[in-house]
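Visitor: Okay, handing you the structure first.
The values are calculated or read from the model by the stated rules, or taken from the named source; none is laboratory data. Everything numeric here is computed off the predicted structure, so don't read it as measured data. Reconstructed Cβ throughout: ideal geometry from the backbone, glycine too, with neighbour counts over all protein chains shown. Ligands, DNA and RNA are stripped out before the accessible areas are found, and what is left, the full protein with its side chains, is counted by its heavy atoms. Shrake-Rupley method; radii C 1.70, N 1.55, O 1.52, S 1.80 Å.
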Amino acid sequence: MKTEIIKLNPDNIYTEKIDYAANVLKSGGLVAFPTETVYGLGADATNENAVKKIFTAKGRPSDNPLIVHISNKNDVERLVSRIPSSAFRLMDKFWPGPLTLIMEKSRIIPHVITAGLSTVAIRMPSHPVALALIERSGLPVAAPSANTSGKPSPTNAKHVIDDLYGKVDVIIDAGSCGVGLESTVLDITTEPPVILRPGGVTYEQLKEVLGSVDTDPALFSKDFMNATPKSPGMKYKHYSPKAEVIIIKGKSEKVAGRINKMAEELRLNGLKVGILATEQTKALYRDAEIISAGDREHLETIASNLFKALREFDKRGVDVILAESVENSGIGLAIMNRLNKAAGYNIIEV
Ligand code: TXA
Ligand code: MG
């Protein structure tokens, strides 16, 4: 398949280019586009054949449901059979933005989207290119992250090209995504609502609006992963670079000492070692591929860079990645969720 790459400046969007991509969606094609979280791979959510092409292009298991993206809060009404009262408060506060809401689906949502579930995931992204594309298409747009299934989500167009060139009709290149981790997935069919995937909107922010919010136990433990998680996507080993990932957790002075020691042993065994550090700690390491994910004082910088860093280690041909951990609060909860999954819960406490 021929893939067309369309460059766009998010501050100055050419309507003709957006209309071109919107027409590709309308005629059942696949368009990769930026959102504020990660790049998405879009198709007409009401067209079963178009949606099936997403699963093929990504190599995605068909039992993993997709998020439906809208450009206007009023669009929710026809996609769901009931809007819980908490939805209005959440949409008011966090839409457009990195929050996906799970509600009971209406009949216009085909089963391929929901993998047979009675619920549907809906989100209104805030990226101007995403909003313009959805609006000009006049469609609800189904879009998972635009990566090959199992790989870290793409946070710039180069990542999408690496994974999907030749497999999709259009890739819109509008630079890097800001948040860098996927949206928070919140099930509001239950009371209190449950976080199925931590993301751009934090637990603390949700609690402030809802008063009470639960988290899916599958988020915190490998053992729960074997039970059936409510969000089918969470059961797959995900966000994984080719390299093996090991997380080293504990007081920072101890962590650096242990990482240096492990790195040396691995090198002696002929392995190429990567170290995922931070601005505060990168100078503590030596003799390895060292990448700083960002600033510990500003965890959003680490969120923004994490997937890019994991992909970069692969490019450098690293065999093992030794990763520092961050605190489990705020956006740190989402960072650690993705890191834990990339590591297959391979964590060493020092
Ligand atoms: O930030 C994002 O959410 C990005 C951008 C492109 O919007 N999209 C994204 O989609 O991350 P995807 O398909 O990679 O992840 C969707 C997650 C999966 O874990 C899936 O299992 C879950 O949402 N999900 C979708 N529909 C669901 C449903 N009805 N019930 C429970 N979980 C659902
Ligand atoms: Mg994904």
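Visitor: Working only within region 175-189, note down all residues that are of a type outside the set (A, V, I, L, M) and within 16 Å of ligand 2 (Cβ to nearest atom).
Guide: Matches in region 175-189: Cys177, Gly180, Glu182, Ser183, Thr184.
Visitor: Consider region 134-149. How many of its residues are in contact with a His (Cβ under 9 Å, 6 or more places away or on another chain) and more than 9 Å from ligand 2 (Cβ to nearest atom)?
Guide: 5
Visitor: Scan region 75-89 and give yes if some residue there is touching a residue at least 60 places away in the same chain (Cβ under 8 Å) and farther than 25 Å from His111 by Cα, otherwise no. It would help to see each step written out before you state the result.
Guide: Here is the first cut: in region 75-89, the ones touching a residue at least 60 places away in the same chain (Cβ under 8 Å) are 75, 79, 84, 86-87, 89.
Still in the list and also farther than 25 Å from His111 by Cα: 86, 89.
Scanning region 75-89, I find at least one residue that is touching a residue at least 60 places away in the same chain (Cβ under 8 Å) and farther than 25 Å from His111 by Cα, so the answer is yes.
Visitor: Any residue in region 15-26 that is at pLDDT 95 or above, open to solvent by 40 Å² or more (accessible area, probe 1.4 Å) and not charged (D, E, K, R)?
Guide: Yes, the conditions are met somewhere in region 15-26.
Visitor: So Asn9 fits all but one of (1) within 16 Å of ligand 2 (Cβ to nearest atom); (2) surrounded by fewer than 17 Cβ atoms within 10 Å (Cβ to Cβ); (3) on the phi < 0 side of the Ramachandran plot; what number is the exception?
Guide: The number of the failed condition is (1).
Visitor: A further question follows. Under 6 Å between Cβ atoms, which residue pairs at least 6 apart in sequence (or on different chains) link something in region 168-184 that is open to solvent by 10 Å² or more (accessible area, probe 1.4 Å) with a partner that is in a strand (DSSP E or B)?
Guide: Asp173/Ile5; Asp173/Lys7
Each row is one residue, and each column tells you yes or no for (1) open to solvent by 10 Å² or more (accessible area, probe 1.4 Å); (2) closer than 20 Å to Asn47 by Cα; (3) of a type in the set (S, T, N, Q).
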| site | (1), (2), (3) |
| --- | --- |
| Glu77 | yes, yes, no |
| Phe88 | yes, no, no |
| Asp92 | yes, no, no |
| Ile102 | yes, no, no |
| Ser106 | yes, yes, yes |
| Thr114 | no, yes, yes |
| Thr119 | yes, yes, yes |
| Pro125 | no, no, no |
| Leu133 | no, yes, no |
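Visitor: Could you count how many residues in region 91-134 are near ligand 1 (Cβ under 9 Å from one of its atoms), in contact with a helix residue (DSSP H, G or I) (Cβ under 7 Å, 6 or more places away or on another chain) and not in a strand (DSSP E or B)?
Guide: So the answer is 3.
Visitor: Just need a number here: residues in region 192-220 that are in contact with a helix residue (DSSP H, G or I) (Cβ under 9 Å, 6 or more places away or on another chain) and assigned to a loop (DSSP other than H, G, I, E, B).
Guide: 10
Visitor: How do the strands (runs of 3 or more DSSP E) wholly within region 3-64 filter down when requiring 3 or more residues that are in contact with a helix residue (DSSP H, G or I) (Cβ under 8 Å, 6 or more places away or on another chain) and within 16 Å of ligand 1 (Cβ to nearest atom): which remain? Please lay out each step first, then the result.
Guide: Numbers: elements: 4-7, 31-33, 40-44.
Because the criterion is at least 3 residues that are in contact with a helix residue (DSSP H, G or I) (Cβ under 8 Å, 6 or more places away or on another chain) and within 16 Å of ligand 1 (Cβ to nearest atom), the strands (runs of 3 or more DSSP E) in region 3-64 that meet it are 31-33, 40-44.
Visitor: Give Thr35, Thr100, Thr46 a once-over and let me know the one that is touching a Lys or Arg at 6+ places or on another chain (Cβ under 7 Å) and either on the phi < 0 side of the Ramachandran plot or more than 16 Å from ligand 2 (Cβ to nearest atom) (or both). If you could, list the steps in order and put the result at the bottom.
Guide: Values: Thr35 fails: touching a Lys or Arg at 6+ places or on another chain (Cβ under 7 Å); Thr46 fails: touching a Lys or Arg at 6+ places or on another chain (Cβ under 7 Å).
Just one listed residue meets the conditions, Thr100.
Visitor: Scanning for something in contact with a Gly (Cβ under 6 Å, 6 or more places away or on another chain), surrounded by 23 or more Cβ atoms within 10 Å (Cβ to Cβ) and at pLDDT 95 or above, does region 279-292 turn up at least one residue? Before you say what the answer is, go through the steps one by one.
Guide: Initial filter on region 279-292 (in contact with a Gly (Cβ under 6 Å, 6 or more places away or on another chain)): 289.
Imposing the further condition that a residue be surrounded by 23 or more Cβ atoms within 10 Å (Cβ to Cβ) reduces the set to none.
Scanning region 279-292 turns up no residue that is in contact with a Gly (Cβ under 6 Å, 6 or more places away or on another chain), surrounded by 23 or more Cβ atoms within 10 Å (Cβ to Cβ) and at pLDDT 95 or above.
Visitor: Kindly indicate whether any position in region 34-55 is open to solvent by 30 Å² or more (accessible area, probe 1.4 Å), in contact with a Ser or Thr (Cβ under 8 Å, 6 or more places away or on another chain) and closer than 24 Å to Phe307 by Cβ. Can you show your working first?
Guide: We begin by selecting, within region 34-55, every residue open to solvent by 30 Å² or more (accessible area, probe 1.4 Å); these are 46-49, 52-53.
Still in the running and in contact with a Ser or Thr (Cβ under 8 Å, 6 or more places away or on another chain): none.
No, there is no match, as no residue in region 34-55 is open to solvent by 30 Å² or more (accessible area, probe 1.4 Å), in contact with a Ser or Thr (Cβ under 8 Å, 6 or more places away or on another chain) and closer than 24 Å to Phe307 by Cβ.
Visitor: Can you tell me which of (1) of a type in the set (A, V, I, L, M); (2) at pLDDT 95 or above; (3) surrounded by fewer than 20 Cβ atoms within 10 Å (Cβ to Cβ) is the one Ala157 doesn't meet?
Guide: (3)
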